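Shown next, in structure tokens, is the structure this report addresses.
Every read-out reported here was derived from the displayed coordinates using simple, explicitly stated rules and does not represent laboratory data. Predicted, not measured: the structure shown is a model, and the values here were computed from it. Cβ atoms come from the backbone with ideal geometry, glycine included; neighbour counts cover every protein chain shown.
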Amino acid sequence: MNVDLFDFALPAERIALRPACPRDAARMLVVTPGGVSDRHVGDLPSQLRRGDLLVFNDTRVIPAQLEGTRGDARIGATLHKREGPRRWRAFIRNGRRLRPGDAIDFGREVSAMALDRGDDGSWALEFAGDDPVELLLERAGRMPLPPYIAGKRATDARDADDYQTMFASEPGAVAAPTAALHFTPALMAALAAEGIDHATLTLHVGAGTFLPVKAEDTADHRMHAEWGRIDAATAERLNATRAAGGRVVAVGTTSLRLIESATGEDGVVRPFDGDTAIFITPGYRFRGIDGLMTNFHLPRSTLFMLVSALMGLDAMQAAYAHAIAEGYRFYSYGDASLLLP
């Protein structure tokens, strides 16, 4: 499909720079085949049914942005995928100044060697020393806010909490699964009281999620890979929910992509442990999920293509036009949508 079909105009003032407070006070646009309705995240229990299962991504964002030097050149690095105990793939700012074997000093006794440059322009970095890389990042790194926020304000102490979900327990992401940022203990209690359960899986979101689609046709786009895991117990819970007549509602596109990667043509979710590069566009037949709660996405992005595959391109263009006209807040710190096909 032509990528231009997934374009839309978004006023800059619609991009949220801070999350709603409290988190579940954010607005929520409910999209069904019958149209759209304006709600708030706190209304979620009334929009779902007893027996439904929400599926959250429990990945934890690491301080994956580093600023350093190679000689007299300033080098910026955004880690996006672990390749070994001390080796990470990273997108590099000013990467033309790097050569294989160069050492980058990130300060605070943290350094890494540049190993090789990938076809996508990223570099493999090998961190020096014996301390776990996680400790090195805590010393020298900062939270990797999305470029559409970082370009408008500096990262600060608030982001250390604001950019983590309440489910964050498995370190390894360089971007938050932002749909889950809306959830609070009070909302989870209200959902449980209505008989709506939840489960977790792990997908370490990479910086590739922010890469633009440069191809003119979706068939020519190369999707980035991310590592994820669904254990046997979680797979069985998802299958049991649907067998009992409940709906599996993914919270976030990351949860959805991993569930779909683990689901066979027979609609059965199986344990999964590995990389997924699934790219979902209109025409895709969903096998493992029955709904999606997600934020509002960038024009021409793979994520807007995904929601268009779920609800239909015309329906999502109309829903986004409504959201823009009604003042919804967009992107990572913005409002939510609940998509129930």
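Spin-label model, ASP116 to ARG285: label points 7 Å out along the Cα-to-beta-carbon direction sit 3.9 nm apart.
What relative contact order, as a whole-number percentage, does the chain give when Cα pairs under 8 Å and 6 or more residues apart are counted?
In percent, rounded to a whole number, it is 26.
Highest GNM mean-square fluctuation among TYR320, TYR148, TYR331, for the chain modelled with Cα contacts below 10 Å: TYR148.
With the Cα gyration tensor of the stretch 153-204 giving a ≥ b ≥ c as the square roots of its eigenvalues, does the rule (a/c under 1.5 for rounded; else a/b larger than b/c for prolate; else oblate) give rounded, prolate or oblate? It comes out oblate by the Cα gyration axes. Using only alpha carbons, the stretch 155-247 has a radius of gyration to Kirkwood radius ratio (Rg to Rh) of 1.04. Here each label is just a point 7 Å from Cα along the line to Cβ, and for SER37 and ALA192 those points are 2.7 nm apart.
About its Cα centre, what dipole magnitude does the stretch 109-224 give when the only charges are +1 on Lys and Arg Cβ and -1 on Asp and Glu Cβ, stated in debye to the nearest 20? Could the numbers behind the result be given before it?
Working: 8 positive and 19 negative charges, 87 e Å.
Roughly 420 debye for the stretch 109-224.
Cα centroids of the stretch 322-341 and the stretch 235-308: 20 Å apart. Oblate is the label for the stretch 118-167. Its Cα gyration tensor axes, ordered a ≥ b ≥ c, give a/c of at least 1.5 and b/c at or above a/b. Beyond 15 Å, what share of the Cα-Cα pairs of the stretch 75-115 is found? Please give it as a whole percent. Of all Cα-Cα pairs in the stretch 75-115, 39 percent lie more than 15 Å apart.
In this label model, ALA73 and ASP156 are separated by 3.4 nm, measuring between points 7 Å along each Cα→Cβ vector. In a solvent-free Debye calculation with one equal scatterer on each Cα, what is log10 I(q)/I(0) for the stretch 225-341 at q = 0.19 Å⁻¹, listed in the order of the q values? Each listed q maps to, in turn, -1.02. Ranked from largest, the principal axis spans of the Cα set of the stretch 18-119 equal 58, 27, 26 Å.
Using the Kirkwood radius over C-alpha pairs as Rh, can you work out the diffusion coefficient of the chain via Stokes-Einstein at 25 °C, viscosity 0.890 mPa s, in µm² per second? Numbers along the way, then the final one.
On the way: Rh = 20.7 Å.
Translational D for this selection: 118 µm²/s.
Each of THR32, LEU201, PRO22 was placed along the dipole of the chain (beta-carbon charges, centred on the mean Cα), and the one lying farthest toward the positive end is PRO22. About the centre of its Cα atoms, the chain shows a dipole size close to 420 debye [charges on the beta carbon of Lys, Arg (+1) and Asp, Glu (-1) only; nearest 20 debye]. Applying 1/(1 + (r/R0)^6) with r as the Cβ-Cβ distance of ALA128 and GLU265 and R0 = 45 angstrom yields a FRET efficiency of 0.45. Derived scalar couplings between HN and Hα for the stretch 95-110 equal x, 5, 8, 9, 10, x, x, 5, 9, 10, 9, 9, x, 6, 6, 10 Hz in order, rounded to whole Hz, by the Karplus curve 6.51 cos²θ - 1.76 cosθ + 1.60 (θ = phi - 60°), x for Gly and Pro. Computed over neighbours whose Cβ is under 10 Å from that of GLY141, the net charge equals 0, Lys and Arg +1, Asp and Glu -1.
How much FRET efficiency would the formula 1/(1 + (r/R0)^6) give for ARG18 and ARG99, where r is the Cβ-Cβ distance and R0 is 45 Å, rounded to 0.05? Walk me through the numbers before you get to the answer.
Values: r = 40 Å, r/R0 = 0.90.
Between ARG18 and ARG99 the formula returns 0.65.
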